[in-house]
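Undergrad: Dropping the structure in here first, questions after.
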Amino acid sequence: VQLQASGGGLVQTGGSLRLSCAASGLSFSSYSMGWFRQAPGKGREFVAAIKPNGGSTYYAVAVKDRFAVSRDNAKNTVSLQLNSLRPEDTAVYYCAAGRAIVSTITTLGGYTFWGQGTLVTVSS
């Protein structure tokens, strides 16, 4: 299984980025997909997730109404649109795949496969 995240970069406060994650080696449409992030010196935290059929999405309170997760099961990709970025959004962003259920979809333990991460830096 490979998860390849891309789209990170340097952006000013208030700017936008779109992260993408391309998956291979798994039955993509059977997996929940999640985005997590890890800021320097901090633990990895949940950002957003989407159920296998795309019908349900979940967001951390800190990003709700600013970020949007989507997926294209035909292309085996999941995306994360980041809007109204703030310096505190600076982190390495990771995509993950797992057979997460509602009670675990926002937790690290809900995911089996992880990508390598892409760095998002928001300047003030």
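The values are calculated or read from the model by the stated rules, or taken from the named source; none is laboratory data. Just so it is clear, the model here is predicted, and its values are computed rather than measured. All Cβ positions, even for glycine, are placed from backbone atoms using ideal geometry, and neighbour counts span all protein chains on display. What goes into the accessible areas is simple: the full protein's heavy atoms, side chains included, and nothing from ligands, DNA or RNA. Shrake-Rupley method; radii C 1.70, N 1.55, O 1.52, S 1.80 Å.
Undergrad: Rounded to the nearest Å, what's the spacing between the alpha carbon centres of region 1-77 and region 98-124? Just the number, please.
TA: 7
Undergrad: Whole-Hz ³J(HN,Hα) for each residue in region 24-32, computed from phi via Karplus 6.51 cos²θ - 1.76 cosθ + 1.60 with θ = phi - 60°, x for glycine and proline: what do you get?
TA: 8, x, 8, 7, 3, 6, 9, 10, 6
Undergrad: Please list, in order along region 75-91, the HN-Hα scalar couplings obtained from phi with the Karplus expression 6.51 cos²θ - 1.76 cosθ + 1.60 (θ = phi - 60°), rounded to whole Hz, x for Gly and Pro.
TA: Each residue of region 75-91 in turn: 10, 6, 10, 10, 10, 9, 8, 10, 10, 6, 5, 10, x, 6, 7, 4, 4 Hz.
Undergrad: Among residues other than GLY15 whose Cβ falls under 15 Å from its Cβ, what is the net charge (Lys/Arg +1, Asp/Glu -1)? Spell out each step's value before the answer.
TA: Working: positive: ARG18, ARG66, ARG86; negative: GLU88, ASP89.
Combined, the nearby Lys, Arg, Asp and Glu give +1.
Undergrad: How many Å² of accessible area per residue for the chain, probe 1.4 Å? Write out the running numbers ahead of the final one.
TA: Numbers: 5970 Å² over 124 residues.
Per-residue accessible area for the chain comes out at 48 Å².
Undergrad: Using θ = phi - 60° and the Karplus curve 6.51 cos²θ - 1.76 cosθ + 1.60, what whole-Hz ³J(HN,Hα) does each residue of region 38-47 get, with Gly and Pro shown as x?
TA: Using θ = phi - 60°, the values come out as 9, 7, x, x, 10, x, 6, 10, 5, 10 Hz.
Undergrad: Moving to a separate point now. Just the number, please: carbon plus sulfur as a percent of the accessible area of region 1-47, 1.4 Å probe, no ligands or DNA/RNA counted.
TA: On the way: 1020 of 2300 Å².
Carbon and sulfur: 44 percent of the exposed surface of region 1-47.
Undergrad: Go through ARG18, ARG71 and list them by solvent-accessible area, largest first, probe radius 1.4 Å. Intermediate results must be reported in sequence, preceding the final value.
TA: Working: ARG18 120, ARG71 40 Å².
Largest accessible area first, the residues go ARG18, ARG71.
Undergrad: If you take every residue apart from ALA91 with its C-beta less than 15 Å away from the C-beta of ALA91, what net charge results, scoring Lys and Arg +1 and Asp and Glu -1? Display every interim value, and only then the final one.
TA: Working: positive: ARG37, LYS42, ARG44, ARG66, ARG86; negative: GLU45, GLU88, ASP89.
Its environment carries a net charge of +2.
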